[in-house]
Amino acid sequence: MPAETAAPAEALESNPWVSQAARFDYAARKLNLDEGLWKVLRYPTREITLHIPVQMDDGRIEVFTGYRVQHSVARGPGKGGIRYAPDVTLDEVRALATWMTWKCAVVNIPFGGAKGGIICQPRLMSQGELERMTRRYTAELFEFIGPERDVPAPDVNTNEQVMAWIMDTYSMHARQTMTAVVTGKPLDLGGSRGRKEATGRGCMLVCEQAVQKLGLNRDTTRVIVQGFGNVGSHAALLLHQAGYKIVGLDEYDGGLYHASGLDIPALIAYRARNQTLQGFPEAETRPAGELLTAACEILLPAATENQITTHNAARIQARIVCEGANGPTTAAADEILRDKGVFVIPDILANAGGVTVSYFEWVQDRQGYFWKESEVNDQLRHIMESSFQDVIGYAEKHQVDNRTAAYMLAMDRVAFAIKLRGIYA
Ligand code: GLU
């Protein structure tokens with residue numbers, strides 16, 4: 001094992017790639033991972049940077065920087081979303097691609113890990129500008145993506161429509177319709193029933209497992225959700241329907257609190273009408289970020305990276321942290337949560353419901369045969385529950401925290417695949 005190189009404390013709080021690498025090194029040491037495989041797995045296999053020219057509506061040409069990183073294709077094609085955001089960085093996409101490798105291995109689906117991102121302000125762009133940017137990005141990546149190579153999906157600020165443009169652009173270049181190049185598509189274009197809710201549903205399923213494990217009572221379990229995008233809103237709704245009290249919702253523009261439980265269906269309807277949660281009448285307001293440390297049993301961060309840090313981790317009151325987002329806890333904060341005895345359901349397990357139903361979508365596209373929603377949900381439940389048991393069982397057996405267990409389990413599976421394949425000269 002290479003000598004330990006301590007990452008600067010600041011980077012452990014702010015750079016997801018540094019957080020990922022610190023956890024990888026820690027798990028590799030516990031696993032006694034072969035030094036050669038350590039080197040193979042520590043860095044992505046391929047990193048593509050693109051400068052994408054786009055004609056804007058006013059006639060101007062703008063050039064956007066975009067990335068696609070493929071961390072590993074040892075267990076199958078690369079798999080992972082594409083995000084559009086102003087603060088995308090190569091290090092962030094690297095971390096997200098690597099997390100996809102571990103995530104797919106934790107739930108044991110036959111994919112590697114990849115991720116993409118474009119630095120842009122999607123809220124300030126027209127549909128036409130977004131479409132031209134998406135199509136050019138896809139065309140530039142034509143040789144590198146595909147149903148057997150690397151299969152993108154939605155992530156922050158991308159959706160079914162963006163996936164439909166990717167599918168169409170790829171198909172035009174391939175001279176045939178190839179729906180399996182991307183997942184998270186609209187139902188009418190080879191999408192899967194249950195895909196949109198899948199990440200939130202997966203969160204709900206592992207929360208149920210954790211509640212049972214800790215002997216908590218559903219009716220008295222208070223939940224606080226951060227983020228009300230695709231993951232947070234579906235997780236909140238499904239937990240609400242399952243009988244949990246969602247007492248708080250933290251959004252980037254402010255939080256809402258109601259001690260006896262927020263009316264989640266009413267909130268979803270309110271947000272659809274007003275484009276914001278602010279002004280919702282039946283709740284108290286809270287400054288953004290404050291609810292992360294409020295009293296609850298389950299905290300479900302479903303927004304973005306680096307939300308639970310050394311600045312607030314010690315004040316977290318939740319018994320369970322269910323990581324709906326990728327990388328919401330910094331590596332520097334891990335230890336604080338560990339010492340407090342918080343039961344962390346790590347991102348690479350907690351939010352794996354999305355990519356699991358992406359896998360079902362890919363299978364359905366390739367078979368040309370589509371499943372009923374109940375079938376999708378049953379198979380998802382089976383995979384999430386057994387993966388939860390695998391990770392928790394591993395943690396208990398090897399006396400490590402849940403996150404380290406998930407990394408070790410995943411890294412062992414990927415390392416085994418590399419050993420079986422061998423290194424091509
Ligand atoms: N973007 C989602 C994630 O981070 C889904 C990826 C996929 O379905 O490929 O897991």
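The values are calculated or read from the model by the stated rules, or taken from the named source; none is laboratory data. As the structure is a computational prediction, the values presented were derived from the model and not from experiment. Methodologically, a virtual Cβ is constructed for each residue, glycine included, from the backbone with ideal geometry; neighbour enumeration extends over all protein chains shown. In case anyone asks, the SASA skips ligands and DNA or RNA and just uses the protein heavy atoms, side chains included. Shrake-Rupley method; radii C 1.70, N 1.55, O 1.52, S 1.80 Å.
Structure data summary
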quantity	calculated
DSSP beta bridge pairing in the chain, given as percent antiparallel to the nearest 5	50
Given charges at beta-carbon only (K, R positive; D, E negative), |dipole| of region 1-139 in Debye	560
Fraction of accessible area attributable to carbon and sulfur, region 1-154 (%, probe 1.4 Å)	51
Segment LYS30-THR89, length gained on full extension (0.36 nm per residue, minus Cα span)	18.3 nm
Count of Lys pairs (Cα-Cα under 15 Å; at least 8 positions apart or interchain) in the chain	8
ALA288 long-range amide H proximity, modeled H, under 5 Å	GLY254, GLY255
Unit charges on C-beta of K, R, D, E only; dipole of the chain, Debye	860
Peptides 224-232, 155-163 ordered by average Cβ neighbours within 10 Å, highest first	224-232, 155-163
Residues whose placed amide H lies under 5 Å from that of SER72, excluding near-sequence neighbours	THR45, GLY113
Candidates GLY76, GLY36, GLY243, ranked by Gaussian network fluctuation over the chain, Cα under 10 Å, top entry	GLY36
Estimated vicinal HN-Hα couplings, Hz - region 46-63 in sequence order (Karplus 6.51, -1.76, 1.60; Gly, Pro = x)	8, 10, 10, 10, 10, 10, 10, x, 9, 7, 7, 4, 8, x, 5, 9, 10, 10
Under 20 Å from the MET56 label point (7 Å along Cα→beta-carbon), backbone N, region 89-122	118-122
Whole-Hz couplings from phi, Karplus 6.51/-1.76/1.60, listed for region 315-332; x for Gly and Pro	8, 5, 9, 5, 7, 10, 10, 10, 7, x, 7, 8, x, x, 9, 7, 4, 5
Most positive-pole-ward Cα, ILE383, ALA417, ASN351, against dipole of region 349-425 from beta carbon charges	ALA417
Note, ³J(HN,Hα) from phi for region 276-283, Karplus 6.51, -1.76, 1.60, rounded to Hz, x at Gly and Pro	8, 8, 5, x, 4, x, 8, 6
Highest-MSF residue in the chain out of THR49, THR330, THR98 [GNM, Cα springs under 10 Å]	THR49
Net charge, LEU141 excluded, C-beta distance under 9 Å - Lys, Arg +1, Asp, Glu -1	-2
Inter-probe distance in nm under a simple model that places probes 7 Å from Cα toward Cβ, at ASN274 and ARG218	3.1
Gaussian network model of the chain, Cα within-10 Å springs - most flexible of THR220, THR285, THR356	THR220
Residues with amide H under 5 Å from that of LEU262, placed H, sequence gap 5 or more	ILE246, VAL247
Residue-averaged 222 nm ellipticity for the chain, from DSSP H runs of 4+ at -39500 (n - 2.57), nearest 500	-14500 deg cm²/dmol
